[in-house]
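J.: Can you read through this structure? Questions will come right after.
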Amino acid sequence: MKAVGARLPRYDGVGHATGRTAFVDDIRAHGTLWAKALRSPHDYATITRLDTTAAENMPGVRAVITHADVPLLEYGHLSALGIPADEPLLAKDEVRYKGQPIALVAAETTEQAADAVAAIEVDFAPKTPLFDVRKAFDADVSQPHHWGTVYPHFEESMDRRQIRKGSIEKAFDDADKIISGVYRPAAIEQMPIETQVCLSVPEPDGRFTIYSCTQALYFSMGVVAAHMQIPLNRLKFVGGTVGGGFGGKVDTATETVCTLLAQRSGRPVKWRWTREEEFLCSSTRAPWHMEIIDAVTDDGWILGRKMLTLHDAGAYARFSPYGVTKHSFHHTGAYTIPNLHFDGYVVFTNRVPTTAMRGYGVTSVSFAVESHMSRVAEELGIDPFELRLKNANRIGDTSPNGIAYTDPSTVDVLHAISEATGNELAPGYAAASRQRRAGEWLPDHLLAQISDTEVH
Amino acid sequence: MAIQKGHGIASIEYPTGMNQNGDPSQAWIKVKPDGRIDVFSGTTDIGNGSKTIQSQIVADTIGVPYDWITFDNSNTDSSPVCTGTFASRATFVAGKAVLKAAQRVRERILEVAGQEMEISPDDLDLDDGDVFAKDAPTRRMSVGDVAAAATWTYGELITGTGAHLNPYVPIVDSSTGEVDSPPHAAISYAACAADVEVNDETGEVRVLRLIQAYDVGRAINPALLEGQIEGGAMMGLGLGVLEDSYPYYPSVDNRAGDFGSYYAPSSADLPEMVNVIIENPSVDGPYGAKGIGEMANNAQPAAIATAVHDAVGVWVTELPITPERVLAALDAKSGGSGPRREGKHVAYDEEISINAVGTGLAWRAD
Amino acid sequence: MAATTAVLFPCSPGEAIEAFGDGDGVRILAGGTLLVPELHLRGGAPEQVVALSGAGLDFVKEPCDGEIMARVGAMTPVDRLCTQPAPIGPAARGIGDGEIRAAATLGGNLCAPAGFGDLQAPLLALDASARSAGSDRERTESLEDFLAARDGRLLLEVSYVAPLEMGGGMHLRTTTDGRRVFDDSHYSRPAAGAFASLGRPHAHHFTVMSVSGVRTVGGEVRLAAVGVGPVGVRLRAAEALAHDPEAAGAAAAEEVNPSDDPLASGWYRRRTLPSLVRRVLSELEVGS
Amino acid sequence: MKITLNGADAQVDSPPLTPLLHVLREELGVLSAKAGCENGGCGACTVLIDGSPRRACLTAAIAADGSEVTTVEGLGTPEALSPVQKAFVHFCAAQCGFCTPGMVIAATAYLDKGGSGSREEITEALAGHVCRCTGYLKIVDAVAAAREGDFDMSVAAESPHTQVRA
C-alpha cells in the first residue's frame, strides 16, 4: 500500500488516546521551581518605582528577575524582515497593556511564588490609553507607543503598506455603482487547551534544556539566544509535541524568562500560564477595521477597489507589519480587480499585543471581501455565484502585487459548492473554467492586467 | 417569535508558506542496519499531523512501508532547522525538506544495492522495501540487506539531508507593492456554503450546516485533512457567531477570563458538515499537495453573515454576529435606517466608519 | 490550599450548624465546584472549612400524605433536580454539563457569586423559603430575603409549596389546639410551571438570562429572573400584568436594571427579557 | 487519605482541599489528566470517580477519599486499547491530544451508562469538553461507533461527510 493518499491513523494517535503522550507539563525534573509573574494592572502607565527586595526575601523564593536582568531586553522577532525591535521582554519604564509582565519570581511552590509576586513593590502613574484605532490619526490623541500611533517602518520609512495598481480614479469614473462597506472582525483567542508552558532545566555543562510548547523550535531558540546573548549550542529546545497552537505559540512567551530564572537559581523552572492568564494576557487574533469601496458595473464586473485597513496591533508590533503586508497581498480575495488603491496601517493601542492566528492577515480579508461580494450581488440583483464566477481569478490574471496566477481553483470550488448545495448555474456559468480569459470573460477593462508571461 | 432560515456562500484563497517566503525547513534521514528509517525534522506537530504526513512522504519517496519510519522532531540537538508550524507550511515546505532528504537516501540505497548486486543503480528500482532490477524483478534484495551491507561490509552510514527554501521575495516598489516573483508557494482555494437559522425575537443565530469545498492539491492523508477542514470550520463558526476577546470593542472592559464567559464553540454547536475535497495537484508541492490548515477558518464568517442577511434582511459586518448585533440591526432596519444611496453611490455602515469616529485621516469613501 | 486549614466533617445538620458557628473565617465545601478552584488558583487560606458531604443535607423530600411542602436539602446535587417539574427541572438542566451537575449542589448554586445562581429564579417563582443558620442560629425566611441579605449564612434547605404534579397535599390540617380546619394554602399550590432562557445550547459557559414562572391553583402568577442583576429577582410588575403578556414583558424590562458582562450587555438583556416573559406566560397558559 | 487508583491502592498525603487533579499529577505522578483550565471549564482533567465522570480540578482530595479513581491510563494500554480508545485512534478523533484523555473518559462513561450513541446524546454528553482542534465531528463519530468494536487499526475510518473529486 502506498502511504501517500492513504487514510492512515495519526502517528501519535495511540499515545493520545491512552494519555501517554508527554506534553511539556508532563515532564518532570527533580527540584523544579514554579514561576509566577507580576503583571501590569493598568492599561497604560509609567512605572515610577520597582523594588523586589522584599519579594526576594520571602520564604521559598529562589530567584526574582526584572528588566535589569535581561541581557538584551528588546529583540525584534522579525528583524530579518526589517521589522525593528520595540517590545521589552519585561516592562522597564512603562507598561502599555494590562497584563504586561514586569517581573518574574521562581519559588519552591506556586503559592510561595504568588505570595512573593504580591510582595514586589511597584508604583505606577497611569496615562491615558488609546483603544479605538479609528482615532489613531486624530491630532490630540494619546500616543500608545514610542513610535506613535501607527507603525512607521515599512520600506522607505512609510507609515503604511500601500498597493497601487491601474487607475482607481478611472474605475470610479467608469463605474455604474460605487458600493462601500465597513467590516470589523473581532479579536478572538487562539485558545489551545494546553496553555503557554515552559520548563527550563540548567544542565551541569552550562547548557539549558528548554521544554517548550512553541510552534517553532528553531525560531524560539533564536529568540532565547538573542535575549540571553548566548550561542545556540548553549540551548537545547525539546518539544515538537504541542497541545494546540493556532498561532499563539509563536510568541515565545515563556522560554526566555524561565531560562533566566533557571540560570539565576541553578534549578529547573516551570512557568505554566493559568487559563485566566491565557485569556487575558496572551496575545489574541487582531481586531481589524476594513473599509471597502468597490467600483462595479451593473452587469457585475468589479472595476476597482479602494480599501483602508486599520490593523489593531495592540501595544507592540510583534508580527503585525508582516500580517498587514500579507493582508495587502490578498485584499482582492479570490477575484481579479484591475484597479486598486489600498492603504493598510498597523495601529498601536493599549491592549494586549496581537499575534498570529490561523489565517493570519487574510482571515480578515476573507470576511470583508466575501461579505462585500454578497452585498454587491444583492445590490446589483445578480446571483452570488455568477458575480463570483465572473470575477474569479483565472490563469494569467495578476494579483494585487502583479504576479500571474498559475493554478487558480476558484471556479472549481464554486462549481463544487453549487453542485453540493443543489444550486443550478446558468449554462454559461456552469461552463466557466480556470483557463485564461477570452471572449465574454475578457472585457476590455481586464485586458491590461493580464500577464503576457507563459504560466502553467 | 419566528425562526428564519437563511443561506449564504463565500469563496476564498490562501497562500502556502510565509508571505514573501524566506522560510527554510531542513531534514535528515538515516537508515538503521536492518533498513528501518529514522527521520529527523525540526517540524512541530501542533495537532496538524506533521509527524504523520511527513512520515508518509518519506515512506513513499524511499519506497519502504510506512511502518518502517520513525519520526523524531523532539529536539534541536538532533533535528535541523524548521521555521515552524504556521503559515500552512508543514506539509508543503517541511514536507519538501523530508522529500528531498528521502530522495537522497533512496539514491544511496540504490548505489549500495548496485554494488552488492553488481547492477548499475540506474537499472534498479525500489518499492515496498525491496530493491530489484528493473528488467528482472526477481533479482531483488531487501533494503534491510542493503543497510546491513552498508553497515557491516562497506563501513558506511546511509543517510540523506534535504532542505527547502523559497528565497525571500522583497517588495520592489513600496508605493505600488509590486514584487517580481511569487511571494508564496502554491495558493489554495476553497468555498463554503452556510445554512443558518435566526431567531428574529432574540437575535440568536444557529449554524445548521456548512458545506465546504477545498482544492488541496493532493490529499496526502485525507483523514487528517478532514481534521483540518472540520476543526477550521468550527473555529470559523466561533469567529462568525460566538467568540470575542473584547465583547465591547474597542473598550477593554468585560473581557472573559474563563470558559464560563468566553463563547468557545462546543460540541453542542456542531453543525452538519459536508467536505468536498478537490485534488488539483500543485506543480511544486510534495506529491502535488498544498497547505490548507490556515485557510480552514476563513470562509465561514462571511458565508454565515450572508446567510443571516438572507434569513432576516440585515447585514452584520462586525464579528461575531452576536444576538445583540442582530437585534440592533433589526431595530435599526425597522426604524428605517439602511444604506445611504446618492447617485451611483451606495454607502453601507457609515455609522461605524472611520469618518464617523476619527478626524485625522483624509480617507474618503469617494 | 493551605495545609493549615482545618476541615470539619459534621455528620448531621446539627453538627453542621455547630461547626459553622457564626460563620466567621469559615468556608463551606459543598460540591467543590467553586471553592476548590478558588483556593487552588487564588491561594486563599480559610481558617476552617466545613465539608457538608456527610451532614445529612442531601435530600429531596416531595410531599407525602398530610404535607403540601416540598423540601430540598442544600447539599442536593443539581443533577437530582433535573427531573423536577418546571421551572426547577429545565433550569437545573441548563447548568454546566453532566459532570458539573453531578458535583454542584443546590446550596452552592443559590449562594454562589453573580453569574451562577440559575436555581434562584425557579425557586423565587415558587415562593420558596430558605432555612439557614448563622450568627443568630437558625432562621427561616423567604428565599427572596435570604438572597437579598447575602450575610454569609449556612443554607440548610429550601422548601416550597409543591406543584400539583408532585402529589401529596391535603386541604385539611390540624391546628395546634387539635381542630381540623380547611387550609386555603392549596390555592397557592403551583398548577403549572414554565422556564425560558436565552442562549444557544451550552455547557461550558454560564446562563445569560432566564425567566421562571409559576401559575398557582388560585390563578396567581409568579415570575422571576436571573441574569438581570447580581442575584435572581421577582418580576412583580410583570406578575401584576400577567394577563397581558405584552404589557407584562414591557413591565419586566422596566423593573430590572441589568448590567454588561462578558456574556451580554445590559441593553440586550433588557431588550429580550420581554420575549422570555412572554414565552413563560404562554407556557403557563395565562393571558390572551 | 487513600484512593484506589486504576485498580491499585494509593496513599494521598496532599492537604485535604488540594484538587484531585493536582494530587494525581504532582503527588502520584499520573499525568493523563490535563490542567487545561483548573476551573471546571474545559473537561481536560475528567476522571472516573466510582465509575462516574468528574472534573478532577473541582474535586477536593478529601472528597475522593476512599473512592475508586480511574484515569485514561486505567482504561486501556497501547497494547490493549479500550473500545473507546480504539475508536479515537481509528477515527483520528484526537489531533493535538490534549483534550483527548478527558474526552475518552467522558465518552467511556457515557457508553457504559448505556447511551444510545445518537448524535444528539453524544454532543450533550461531551458538550462540557472543549476541543479546539477537531471541530468535534470525528469525536462524535468515534463515540457513535465505539461499541461496534473491531476496527482495522492500520487504517483510519472512512468519513461519511466527505466527497473526493479529482
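J.: Please give the helices (runs of 4 or more DSSP H) falling wholly within region C:214-288 in which 3 or more residues are within 14 Å of chain B (Cβ to nearest Cβ). Spell out the reasoning first.
T.: Numbers: elements: C:236-240, C:245-255, C:266-284.
Where helices (runs of 4 or more DSSP H) fall fully within region C:214-288 and carry at least 3 residues being within 14 Å of chain B (Cβ to nearest Cβ), they are C:245-255, C:266-284.
J.: Could you name every one of the helices (runs of 4 or more DSSP H) located completely within region A:222-336 that has at least 2 residues being in contact with a strand residue (DSSP E or B) (Cβ under 6 Å, 6 or more places away or on another chain) and either within 10 Å of another protein chain (Cβ to nearest Cβ) or buried (at least 24 other Cβ atoms within 10 Å of the Cβ) (or both)? Outline the logic, then answer.
T.: Details: elements: A:255-265, A:275-280, A:320-329.
Where helices (runs of 4 or more DSSP H) fall fully within region A:222-336 and carry at least 2 residues being in contact with a strand residue (DSSP E or B) (Cβ under 6 Å, 6 or more places away or on another chain) and either within 10 Å of another protein chain (Cβ to nearest Cβ) or buried (at least 24 other Cβ atoms within 10 Å of the Cβ) (or both), they are A:255-265, A:320-329.
J.: Go through region B:230-248 and give me each residue that's at the interface with another protein chain (Cβ under 7 Å from one of its Cβ atoms) and touching a strand residue (DSSP E or B) at 6+ places or on another chain (Cβ under 8 Å).
T.: Hits for region B:230-248 are B:GLU230, B:ALA233.
J.: Go through region C:72-110 residue by residue and tally those that are touching a residue at least 60 places away in the same chain (Cβ under 8 Å), over 17 Å from C:ASP127 (Cα atoms) and not polar (S, T, N, Q).
T.: 9
J.: Hey, among the residues in region A:8-35 that are among the polar types (S, T, N, Q) and touching a residue at least 40 places away in the same chain (Cβ under 8 Å), which one's nearest to the other protein chains (Cβ to nearest Cβ)? Steps first, please.
T.: Step one: of region A:8-35, the residues among the polar types (S, T, N, Q) are A:18, A:21, A:32.
Filter once more, so that each one left must be touching a residue at least 40 places away in the same chain (Cβ under 8 Å): A:21, A:32.
Numbers: A:THR21: 5, A:THR32: 10 Å.
Here the residue is A:THR21.
J.: Next question. Please specify each residue of region A:202-215 satisfying the condition of being assigned to a loop (DSSP other than H, G, I, E, B) and within 18 Å of A:ARG272 (Cα to Cα). Outline the logic, then answer.
T.: So in region A:202-215, the residues assigned to a loop (DSSP other than H, G, I, E, B) come out as A:203-207, A:213-215.
Across region A:202-215, the qualifying residues are A:CYS213, A:THR214, A:GLN215.
J.: Please state which of the following conditions A:GLY181 fails to meet, knowing it meets all the rest: (1) out of contact with any helix residue (DSSP H, G or I) (no Cβ under 6 Å at 6 or more places or on another chain); (2) over 29 Å from D:LYS34 (Cα atoms); (3) in contact (Cβ under 8 Å) with a residue 40 or more places away in the chain.
T.: If we test A:GLY181 against (1) out of contact with any helix residue (DSSP H, G or I) (no Cβ under 6 Å at 6 or more places or on another chain); (2) over 29 Å from D:LYS34 (Cα atoms); (3) in contact (Cβ under 8 Å) with a residue 40 or more places away in the chain, just (1) comes out false.
J.: Sticking with this structure for a sec: Looking at region B:291-300, is at least one residue in contact with a strand residue (DSSP E or B) (Cβ under 6 Å, 6 or more places away or on another chain) and outside any loop (DSSP other than H, G, I, E, B)?
T.: So far as region B:291-300 goes, yes, one or more of its residues are in contact with a strand residue (DSSP E or B) (Cβ under 6 Å, 6 or more places away or on another chain) and outside any loop (DSSP other than H, G, I, E, B).
J.: Further question on the same structure: Could you grab me the full set of residues in region D:17-44 that are over 14 Å from the mean Cα position of the chain (by Cα) and hydroxyl-bearing (Ser, Thr, Tyr)?
T.: The answer is D:THR18, and nothing else.
J.: Does A:LEU38 count as touching a residue at least 60 places away in the same chain (Cβ under 8 Å) and in a strand (DSSP E or B)?
T.: Details: touching a residue at least 60 places away in the same chain (Cβ under 8 Å): yes; in a strand (DSSP E or B): yes.
Yes; evaluated as a whole, the condition is true for this residue.
J.: Please report, ordered by residue number, the strands (runs of 3 or more DSSP E) entirely within region A:99-190 with at least 1 residues that are more than 9 Å from every other protein chain (Cβ to nearest Cβ) and in contact with a Leu (Cβ under 9 Å, 6 or more places away or on another chain). So that I can check it myself, show each step before the final result.
T.: On the way: elements: A:101-107, A:121-126, A:161-165, A:177-183.
So the answer is A:101-107, A:121-126.
J.: Evaluate region C:159-182: report whether one residue or more is within 30 Å of C:ALA19 (Cβ to Cβ), modelled with pLDDT of 75 or more, away from every other protein chain (no Cβ under 14 Å) and in contact with a helix residue (DSSP H, G or I) (Cβ under 9 Å, 6 or more places away or on another chain).
T.: Going through region C:159-182, the residues within 30 Å of C:ALA19 (Cβ to Cβ) turn out to be C:159-160.
With modelled with pLDDT of 75 or more added as a condition, the list becomes C:159-160.
Filter once more, keeping what is away from every other protein chain (no Cβ under 14 Å): C:159-160.
Still in the running and in contact with a helix residue (DSSP H, G or I) (Cβ under 9 Å, 6 or more places away or on another chain): C:160.
Yes, region C:159-182 contains at least one residue that is within 30 Å of C:ALA19 (Cβ to Cβ), modelled with pLDDT of 75 or more, away from every other protein chain (no Cβ under 14 Å) and in contact with a helix residue (DSSP H, G or I) (Cβ under 9 Å, 6 or more places away or on another chain).
J.: What are the residues in region C:72-98 that are out of contact with any Phe, Trp or Tyr (no Cβ under 7 Å at 6 or more places or on another chain) and of a type outside the set (A, V, I, L, M, F, W, C), if any?
T.: C:PRO77, C:ASP79, C:ARG80, C:THR83, C:GLN84, C:PRO85, C:GLY89, C:ARG93, C:GLY94, C:GLY96, C:ASP97, C:GLY98
J.: Would you mind finding the one in B:ASP258, B:ASP253 that is farther than 30 Å from B:LYS51 by Cα, at the interface with chain D (Cβ under 10 Å from one of its Cβ atoms), over 14 Å from the mean Cα position of the chain (by Cα) and free of Cβ contacts under 8 Å to residues at least 60 places away in the same chain?
T.: Working: B:ASP253 fails: at the interface with chain D (Cβ under 10 Å from one of its Cβ atoms).
When all the criteria are applied, what remains is B:ASP258.
J.: On the given criteria, is A:ILE210 in contact (Cβ under 8 Å) with a residue 40 or more places away in the chain and farther than 29 Å from A:THR254 by Cβ?
T.: Numbers: in contact (Cβ under 8 Å) with a residue 40 or more places away in the chain: yes; farther than 29 Å from A:THR254 by Cβ: no.
When the stated conditions are applied, A:ILE210 does not pass them.
J.: So which of C:ALA55, C:ALA16 ends up being out of contact with any helix residue (DSSP H, G or I) (no Cβ under 9 Å at 6 or more places or on another chain) and not aromatic (Phe, Trp, Tyr)?
T.: Details: C:ALA55 fails: out of contact with any helix residue (DSSP H, G or I) (no Cβ under 9 Å at 6 or more places or on another chain).
Just a single option satisfies the conditions, and that option is C:ALA16.
J.: Filter region A:191-216 down to residues that are within 11 Å of chain B (Cβ to nearest Cβ) and β-branched (Val, Ile, Thr) and give me whichever is surrounded by the fewest Cβ atoms within 10 Å (Cβ to Cβ). Write out each step before concluding.
T.: Of all residues in region A:191-216, those within 11 Å of chain B (Cβ to nearest Cβ) come to A:191-194, A:207, A:209-216.
Applying the additional criterion that residues be β-branched (Val, Ile, Thr) yields A:193, A:209-210, A:214.
Details: A:ILE193: 28, A:THR209: 21, A:ILE210: 28, A:THR214: 31.
Ranking the qualifying residues of region A:191-216, first place goes to A:THR209.
J.: Between D:ALA146, D:ALA142, D:ALA87, D:ALA106, which is farther than 15 Å from B:MET234 by Cβ, within 14 Å of chain C (Cβ to nearest Cβ) and surrounded by 24 or more Cβ atoms within 10 Å (Cβ to Cβ)?
T.: Just a single option satisfies the conditions, and that option is D:ALA106.
J.: Tally the residues that are under 19 Å from the mean Cα position of the chain (by Cα), assigned to a loop (DSSP other than H, G, I, E, B) and hydrophobic (A, V, I, L, M, F, W, C), restricting the search to region B:162-206.
T.: Qualifying residue count, region B:162-206: 3.
J.: Which members of region B:329-366 meet the condition of being crowded, with 17+ Cβ neighbours inside 10 Å, small (Gly, Ala, Ser) and assigned to a helix (DSSP H, G or I)?
T.: If the condition is that a residue be crowded, with 17+ Cβ neighbours inside 10 Å, small (Gly, Ala, Ser) and assigned to a helix (DSSP H, G or I), then B:ALA329 is the only one that fits.
J.: Any idea which of B:VAL39, B:VAL58, B:VAL64 is more than 14 Å from chain D (Cβ to nearest Cβ), under 21 Å from the mean Cα position of the chain (by Cα) and crowded, with 20+ Cβ neighbours inside 10 Å? If you could, list the steps in order and put the result at the bottom.
T.: Working: B:VAL39 fails: under 21 Å from the mean Cα position of the chain (by Cα); B:VAL64 fails: under 21 Å from the mean Cα position of the chain (by Cα).
Going through B:VAL39, B:VAL58, B:VAL64 in turn, the sole match is B:VAL58.
J.: I'd like the full set of residues that are closer than 18 Å to B:LYS32 by Cβ and in a strand (DSSP E or B), limited to region B:81-139.
T.: Hits for region B:81-139 are B:LEU126, B:ASP130, B:VAL131.
J.: Among the residues of region A:344-383, write down those that are farther than 26 Å from B:ASP244 by Cα and more than 7 Å from chain B (Cβ to nearest Cβ). Walk me through it before giving the result.
T.: From region A:344-383, those farther than 26 Å from B:ASP244 by Cα are A:376-383; that's our starting set.
Those that are farther than 26 Å from B:ASP244 by Cα and more than 7 Å from chain B (Cβ to nearest Cβ): A:VAL376, A:ALA377, A:GLU378, A:LEU380, A:GLY381, A:ILE382, A:ASP383.
J.: Kindly state which strands (runs of 3 or more DSSP E) lie completely within region C:1-72 and contain at least 3 residues that are surrounded by 15 or more Cβ atoms within 10 Å (Cβ to Cβ) and away from chain D (no Cβ under 11 Å). Give the derivation first.
T.: On the way: elements: C:6-8, C:26-29, C:48-51.
No strands (runs of 3 or more DSSP E) qualify here.
J.: What is the residue count in region A:427-449 for residues that are closer than 18 Å to A:ASP174 by Cβ and part of a loop (DSSP other than H, G, I, E, B)?
T.: The total comes to 4.
J.: With respect to D:ASP141, determine if the residue is at pLDDT 95 or above, farther than 25 Å from B:GLY47 by Cα and of a type in the set (D, E, K, R).
T.: Numbers: at pLDDT 95 or above: yes; farther than 25 Å from B:GLY47 by Cα: no; of a type in the set (D, E, K, R): yes.
So D:ASP141 fails the test.
J.: Return only the number of the condition from (1) under 30 Å from D:THR46 (Cα atoms); (2) outside any strand (DSSP E or B) that A:LEU199 does not satisfy.
T.: The failed condition is (2).
The values are calculated or read from the model by the stated rules, or taken from the named source; none is laboratory data. Quantities reported herein were computed from a predicted structural model and do not represent experimental measurements. Neighbour counts are summed over all protein chains in view; Cβ atoms, including those assigned to glycine, are modelled from backbone coordinates with ideal geometry.
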